[in-house]
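Here is the structure we will look at.
The values are calculated or read from the model by the stated rules, or taken from the named source; none is laboratory data. Just so we're clear, the structure is a prediction, and the values are computed from it rather than from any experiment. Cβ atoms come from the backbone with ideal geometry, glycine included; neighbour counts cover every protein chain shown. Ligands, DNA and RNA are stripped out before the accessible areas are found, and what is left, the full protein with its side chains, is counted by its heavy atoms. Shrake-Rupley method; radii C 1.70, N 1.55, O 1.52, S 1.80 Å.
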Amino acid sequence: MIKFTYRFAVLICFLSGIAISAQEKKQLPGISSILQNIIPGTKNDSWILVHKSYGKDNIIKLSGAKKDYESQSSGFNIGIADEDAFYYIVDFSKANPEYITDLTALRKFVGKVDNIYDAAVFATTEGYIIDEEFRDLAANYHQDTANYYLDLGKLTSTECPYQKKHFTLTIPKSGETIINVKENGSYIDLYNKKCTNNPRLLKLEKKEEPKDEPKKSNKSAKRR
């Protein structure tokens, strides 16, 4: 009886450890790693992922035999947008290559959520961003047996100040939807020189009122 109780207690501790580990938050990897690990929605063993930076193509994922393709002049970003760099995918599964250059096409290419990388990409097609500069707030996740829970950012104001908030998204495994969104508040306010409500600018423009100078006594007045 004692031996059975001991084994039962060990089993409970083991299962509790698994549950706690599953709930532990983990940081998402870099953007390139996320895109390299997506699983296409349809069976596809022939596609490449290209990162174009300053006009140069860099193939960072090659699935299947390398084939000829045309370099693209535009693409997508799932993190903080960079004017001089973007990604695109070339899909060789059909007779002619298809180019995935925007988030709408990327969402269709990924299809249902098969892993955390698919979930992260799916969330970005809904307007959220993987903010690598603030990983603890807007680039991490945890999971349980049913769902992925992603903490991601979002640009919520395009007027001064340009504000970013972070959210916790619940995305079911093998699903294609966000079933819950929890707002966690703003984590950064971005001002620039054109923002008239920039606190630093207002502080510089504020001038001290001139003090009245004391009146000078007329000592040179003649005595009568």
At a Förster distance of 25 Å, what's the computed FRET efficiency of S33 paired with N180, Cβ-Cβ distance as r, to 0.05?
0.45
Heads up, I need the accessible area for S74: 1.4 angstrom probe, whole protein in place, Å², nearest 10.
60
Which parts of the stretch 90-107 would a label at D68 reach, counting a residue when its backbone N lies under 15 Å from a point 7 Å out along Cα-to-Cβ?
96-97
Starting from the Cα of D114, step 7 Å toward the Cβ, then list every residue of the stretch 34-60 with an amide N under 20 Å from that point.
34-50, 60
With the 8 Å Cα cutoff and a minimum separation of six or more residues, the stretch 13-159 has a relative contact order in percent of 26
Need one number: the % of Cα-Cα pairs in the stretch 140-183 sitting beyond the 14 Å mark.
53
Where does the charge balance sit around K173 when Lys and Arg score +1, Asp and Glu -1, over other residues with C-beta under 10 Å from its C-beta?
-2
If the label point is 7 Å along Cα→Cβ of K194, which residues in the stretch 160-178 have backbone nitrogen under 16 Å from it?
160-163
Against the rule of thumb 2.2 N^0.38 Å, how large the Cα Rg of the stretch 92-198 comes out:
1.25
